[in-house]
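Down below is the structure, laid out as structure tokens.
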Amino acid sequence: MSIQTENIQKLVQRREKARLGGGPKRIEAQHAKGKMTARERLALLLDEGSFEEYDMFVQHRCTNFGMDASHTDGDGVVTGCGTIDGRLVYVFAQDFTVSGGSLSKTMSEKICKVMDMALRNGAPCIGLNDSGGARIQEGIDALAGYGEIFERNILSSGVVPQISCIMGPCAGGAVYSPALTDFTLMVKNTSYMFLTGPAVVKSVTGEVVDQEQLGGASVHASKSGVAHFAAENEQEAIDTIKALLSFIPQNNLETAPIVETADPVNRMEDSLNSIIPDNPNKAYDMYGVIGSVVDDGRFLEVHRDFAKNIIVGFAHMNGRSVGIVANQPKVLAGVLDINASRKAARFVRFCDAFNIPLVTLVDVPGFLCGTQQEYGAIITNGAKLLYAYGEATVPKVTVTLRKGYGGAHIVMSCKQLRGDINYAWPSAQIAVMGADGAVNVLYAKEIKADPENAQAIFDEKKKEYEDLFSNPYQAAQKGYIDDVIEPRNTRFRVIRALEQLSGKRAEVPAKKHDNLPL
Ligand code: HXC
């Protein structure tokens with residue numbers, strides 16, 4: 001055998017060993033927990049044969065606690081690039097079979113390398129997290145490694161899309177890297193995120209709680225909003241990453257890919273002409289409207305189970321990617337509260353950063369009132385959404401379907417916040433508040449002074465108010481609404497508006513950075 005053949009054989013053997021990570025027993029244990037290995041996950045995520053691996057032979061440099069005797073090629077993370085649907089992405093997948101996927105300094109260097117390459121080459125960076133956190137034996141070196149990653153998360157924010165998928169433990173300060181990225185996905189029953197685990201919680205606060213209740217996928221997808229998606233299993237999580245990427249561009253200088261559609265631009269949807277109930281206090285389902293206007297009824301919802309009074313997500317309209325933001329009259333009457341404002345603000349800012357036009361469907365009775373909301377800073381949180389819409393320079397097309405009351409009307413992408421095209425349905429009511437509330441404020445004295453005729457006075461004044469304000473024409477007469485449109489035409493009118501706005505140029509004044517109300 002020639003020396004060269006021998007060398008090649010050694011390389012093949014070393015690669016094979018590295019591919020086994022922590023070895024067959026630990027792989028078996030990983031499978032027994034219902035989890036895939038890092039390499040199995042990457043094989044599902046990336047186009048077949050596209051994976052280009054880096055740093056397969058990198059080893060940790062720790063000598064504490066006898067660590068110098070334990071080395072695994074790759075050191076607990078698989079990194080590199082590949083393609084998804086033919087588009088370049090950079091990836092890292094932590095390998096729990098090697099020291100529990102814990103983060104050594106060298107692991108952080110591997111991760112930082114792909115993050116740097118993603119930023120330099122303008123491609124999304126996807127992290128598959130499955131880690132016991134900072135590698136305990138490395139002390140401050142491991143912590144410094146997290147710091148390096150966080151800094152790159154920050155510098156990449158708004159330049160290339162960053163996606164985190166939590167597929168196992170993610171605890172302590174390690175949770176802050178996913179929190180800094182654009183989208184966090186979790187897998188139900190096998191992943192969890194928390195700053196301090198159940199044992200510490202019990203010793204500090206006395207609260208008894210298990211991992212799932214403290215930081216499982218369902219908790220973060222519905223209560224905290226930390227997770228944008230909660231998948232049933234790892235396959236579903238990976239499919240969701242791919243679906244998400246199909247709506248977003250490679251970086252902030254590009255636009256999202258245009259997809260083929262057979263859905264006619266001028267498709268009329270007659271059902272929309274009768275979707276608004278006669279009783280203004282009766283709910284209808286905003287999903288019905290979204291499904292009727294977007295291409296092929298296909299909508300990828302973000303934060304589906306969190307703050308359900310507002311709906312956000314991606315769709316295509318005539319093949320172009322759009323971000324949909326819509327109040328949901330079926331939940332809390334579509335009112336804006338702290339969580340709804342935070343959720344929508346973050347989404348609007350993502351779309352704006354990545355050149356995705358915004359389509360806003362409005363039916364909002366106002367902001368939620370009461371001490372709980374005020375003490376929780378609805379003022380600051382509501383301002384986030386207002387700010388997000390006001391600073392957004394992407395095309396903004398808004399349709400007011402029914403209620404557009406008070407401050408909430410202004411916040412939901414009104415004309416004065418540089419809304420480009422603002423339509424209303426004939427059922428729109430654009431006013432400071434609803435008729436009942438307005439009459440009770442304006443005619444309280446008259447109603448109190450004449451109890452016998454109270455109802456009659458109320459009814460008369462309500463009618464007067466409704467005739468004046470419970471329609472879109474006051475706003476349309478003043479140009480605050482560009483046109484009142486027939487509901488069935490909504491798809492056509494929105495697409496035509498988006499096409500008109502495709503060359504839009506708008507800027508914000510030069511500044512170091514803004515001071516978004518946090
Ligand atoms: C070194 C670790 C490790 C860690 C796990 N391992 N976590 N090694 N540093 N942080 C090792 C284990 O010793 C074990 O090695 C192997 O990984 C598998 O772990 P198990 O405990 O057997 O697995 P499991 O029972 O599934 O439990 C997983 C776990 C647990 C819940 C993650 O390992 C655990 O609690 N780990 C410590 C978590 C933690 O407190 N991390 C620090 C968080 S603070 P062997 O060789 O026995 O198989 C943090 C700070 C970040 O991360 C700061 C950023 C600013």
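The values are calculated or read from the model by the stated rules, or taken from the named source; none is laboratory data. Note that the coordinates shown come from a computational prediction; the quantities given were computed from them, not determined experimentally. All Cβ positions, glycine included, derive from the backbone under ideal geometry; neighbour counts span all protein chains shown.
Brief remarks follow.
- The one condition from (1) touching a residue at least 60 places away in the same chain (Cβ under 8 Å); (2) within 7 Å of the ligand (Cβ to nearest atom) that GLY133 does not meet is (1).
- Close pairs from segment 249-269: first without any contact (Cβ under 8 Å) to a residue 60 or more places away in the chain, partner in a loop (DSSP other than H, G, I, E, B), Cβ under 7 Å, at least 6 apart: GLU260/GLY319; THR261/ASN318; THR261/GLY319
- Scanning segment 316-362 for residues that are farther than 22 Å from SER222 by Cα, of a type in the set (Gly, Ala, Ser) and buried (at least 22 other Cβ atoms within 10 Å of the Cβ) yields a count of 1.
- Number of positions in segment 385-399 that are among the β-branched types (Val, Ile, Thr), assigned to a loop (DSSP other than H, G, I, E, B) and surrounded by 18 or more Cβ atoms within 10 Å (Cβ to Cβ): 1
- Residues being assigned to a loop (DSSP other than H, G, I, E, B) and either surrounded by 13 or more Cβ atoms within 10 Å (Cβ to Cβ) or more than 32 Å from the chain's Cα centre (by Cα) (or both) - total across segment 34-56: 9
- Where helices (runs of 4 or more DSSP H) fall wholly inside segment 400-476, the ranges with 3 or more residues that are of a type in the set (A, V, I, L, M) and farther than 30 Å from ILE495 by Cβ are 435-442, 444-449, 454-469.
- Against the list (1) over 24 Å from ALA43 (Cβ atoms); (2) away from the ligand (no atom under 15 Å from the Cβ); (3) in a helix (DSSP H, G or I), the condition ALA118 fails is (1).
- Figure legend. Inter-residue proximity from segment 142-158: first residues on the phi < 0 side of the Ramachandran plot and hydroxyl-bearing (Ser, Thr, Tyr), second residues more than 9 Å from the ligand (Cβ to nearest atom) and in a loop (DSSP other than H, G, I, E, B), beta-carbon distance below 9 Å, spacing 6+ or different chains. Indicated pairs: SER156/THR181; SER157/THR181; SER157/ASP182.
- Listed conditions (1) farther than 30 Å from ALA230 by Cβ; (2) at pLDDT 95 or above; (3) surrounded by 15 or more Cβ atoms within 10 Å (Cβ to Cβ) are all met by LEU253, apart from (3).
- Among the residues making up segment 288-301, those that are surrounded by fewer than 20 Cβ atoms within 10 Å (Cβ to Cβ) and of a type outside the set (Phe, Trp, Tyr) are GLY288, GLY291, SER292, ASP296, GLY297, ARG298, LEU300, GLU301.
- Within segment 168-198, considering residues that are among the aliphatic types (A, V, I, L, M) and more than 11 Å from the ligand (Cβ to nearest atom), the one surrounded by the most Cβ atoms within 10 Å (Cβ to Cβ): MET186
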